[in-house]
Amino acid sequence: MSSDSPTTGFVAFVGAGPGDPNLLTLRAAELLAKADAVVLGEEAHRPLLRHCREGVHVVDDDIVKHAKGGQVVVRLCAGDPMLFSSITEEVAACAAAEVDFEIVPGVPPATAVLAYAGIPPATAVPEFRIVDAAQEQDWAQHAACRGTLVVYNGIADAVAIGKALIAGGKPDTTPVAVSSGGTTTEQYTVVSSLGRLQADLKHAGFTEPALIVVGEAVGLRDKLSWFETKPLFGWRVLVPRTKEQSRSLSEQLVAYGAVPEEVPTISVEPPRTPQQMDRAIKGLVTGRYEWVAFTSANAVKAVREKFEEYGLDARAFAGLKVAAVGDATARALVEFGVKPDLLPSGEQSSEGLVAEWPPYDSMLDPINRVLLPRADISTDTLVAGLTELGWECDDVTAYRTVRAAPPPAPIREAIKGGGFDAVLFTSSSTVRNLVGIAGKPHNVTVIAVIGPQTAKTAEEFGLRVDVMSDKPSASALAAALAEYGAKQRQAALAAGDTPRKPSQNRRGARRRPR
């Protein structure tokens, strides 16, 4: 039984997919958004709660009781709920209690993990067989499978299964892939053959969930592998920024295969005395300024909030010239409804902005004053440069940047102990603040910085700079790190070595053959 738009008690048995939370079906996300209660099934499904309404109840008790009470209940199931199902009794209980239910298919590991491992299961021979090693199996019968054999729940008995398949007639040279952590950045695949399984799995350290894939299709992995070959695959990357600023950067890192970890090092707060900003906004409206120069997205945000406080909007910039120090600041202005008149075409910095700023001309410029709403710790480069060009600057503290609280102990230990593969520094202050609240990153950690000034600060703290972006933007910095990772991987392969993450080079790090 099913209901497209449940209004009374209802249970949905929802396939949670193979591990990657982005492989959830649209119907599953729709039902999670309507849920009053969710049964996780396993802790790994907790990220899927992001689709739920605030205040949804996570329960692990009688789903029939909750549904009878008028609630919409979503029961999350690993993979596809109808493949090697463990929910038969729960479904039967709903039917017996006359509770409406729906079963929503999920993406099964048998297809998804193979896709992420670059193994097309039915390409060479159009036969695809899935078996559950937790149930008693006739391995001699499965040895007759001419296509691809996928084994669930068999990692503990992988060697014995290999021997049984050989005994059943499979050649010992038959390719085998064993993959754990499928579709996540923990995915780890070893390619072997039935005859070499014991030797190749001896130190691999596999745990469930894992799949054993047997068949000639495994041989196509070298050409089709796309996930585990991403430039930063599995790299744990520290992003020491504010939550608001780091979201898009983290999304970009995920696209490169990384596992970003956001650690706030800077907290943005209003100035201690707001009167200076109040006077600046009044001057902006009454025609005191010819130019307004923005050196950060935070400065745009601070002015925008002041505007909203006074009931103003972007129309107050009419007749003013507006400058932005870089692309991110320009985007914040455009979102506000203001198109910048001046943006550096070269280096996106205070120096780059001064290099293109027109000198004051009393014949062309009716007013010689520039408003500069900035952070309390900004440098004087821009003020000095504009003053030299004949402009008078009102340098106003629009916001304060203060050091955030130290991160939890496990994060601090990972930073100092080499648990992170890379750290991205997007300003000199992030260097100072991270070292101040958490200590210096370990020397195996790749240090990536946004520009020369940040590089100089990092070196002053004794850090070796490995990567510097060609443009001072967070996006360019992430791309530069990805390029570095790709080159490291290519160099290892060219030398006949196994590509390794930087954290695997620290003393005592676990070594796993690939």
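The values are calculated or read from the model by the stated rules, or taken from the named source; none is laboratory data. Predicted model, so just to flag it, every value in this text is computed and none were measured. Ideal geometry is used to build each Cβ from the backbone, glycine not excepted, and the neighbour counts take in all protein chains shown. Side chains are part of the model used for accessible areas, which takes the heavy atoms of the whole protein and leaves out ligands, DNA and RNA. Shrake-Rupley method; radii C 1.70, N 1.55, O 1.52, S 1.80 Å.
Each stretch of four or more DSSP H residues adds -39500 (n - 2.57); spread over every residue of the chain, this sum gives -9500 deg cm²/dmol at 222 nm.
Straight Cα distances below 19 angstrom link residue 456 to the lysines 440, 471, with same-chain residues fewer than 8 positions distant left out.
Restricting segment 183-237 to GluC sites (Glu not before Pro) that sit in a DSSP loop and have at most 13 other Cβ atoms within 10 Å of their own Cβ leaves 186. Placing unit charges on the Cβ atoms only, positive for Lys and Arg and negative for Asp and Glu, gives segment 195-279 a dipole magnitude near 180 debye about its Cα centre. A Förster radius of 35 Å, combined with the Cβ-Cβ distance separating residue 381 from residue 506, puts the computed FRET efficiency at roughly 0.35. When the Cα positions of 427, 496, 438 are compared along the charge dipole of segment 374-514, 496 comes out farthest toward the positive end, with charges on each C-beta of Lys, Arg, Asp and Glu.
Computed about the Cα centre, the dipole magnitude for the chain is approximately 1340 debye when only Lys and Arg (+1) and Asp and Glu (-1) carry charge, each at its Cβ.
In the chain, what percentage of the DSSP-assigned beta bridges are antiparallel, given to the nearest 5? The answer is about 30 percent antiparallel.
Working ranking of peptides 293-306, 20-33 by packing, defined as the average number of other Cβ atoms within 10 Å per residue, highest first, is 293-306, 20-33. Rolling a 1.4 angstrom probe over the protein heavy atoms with all chains in place gives the chain an accessible area of 48 Å² per residue. Computed with a 1.4 Å probe over protein heavy atoms only, the accessible area of residue 82 comes to about 120 Å².
Taking amide H positions as modeled 1.01 Å from N, with prolines and chain starts lacking one, no residue 5 or more places away or on another chain lies under 5 Å from residue 443.
Centre-to-centre separation between the Cα atoms of segment 139-175 and those of segment 398-469: 49 Å. Across segment 305-313, coupling constants 3J(HN,Hα) worked out from phi with the 6.51/-1.76/1.60 Karplus curve, θ = phi - 60°, read 5, 5, 4, 4, 4, 9, x, 9, 9 Hz, and Gly and Pro carry x. For segment 157-242, a crude dipole built from +1 on the beta carbon of Lys and Arg and -1 on the beta carbon of Asp and Glu, taken about the Cα centre, is about 240 debye to the nearest 20. In the chain, a dipole from Cβ-located charges (positive for Lys and Arg, negative for Asp and Glu) runs towards its positive end, and of 21, 417, 121 it is 417 whose Cα lies farthest in that direction. Residue pairs exceeding 27 angstrom between C-alpha atoms, taken from 34/230; 416/487; 223/416: 34/230; 223/416. The modelled label-to-label distance between residue 43 and residue 483, using points 7 Å beyond Cα along the C-beta direction, is 4.1 nm.
Since only 287, 324, 299 are under comparison, the one whose Cα sits farthest along the positive direction of the charge dipole of segment 261-329, derived from C-beta charges on Lys, Arg, Asp and Glu, is 287.
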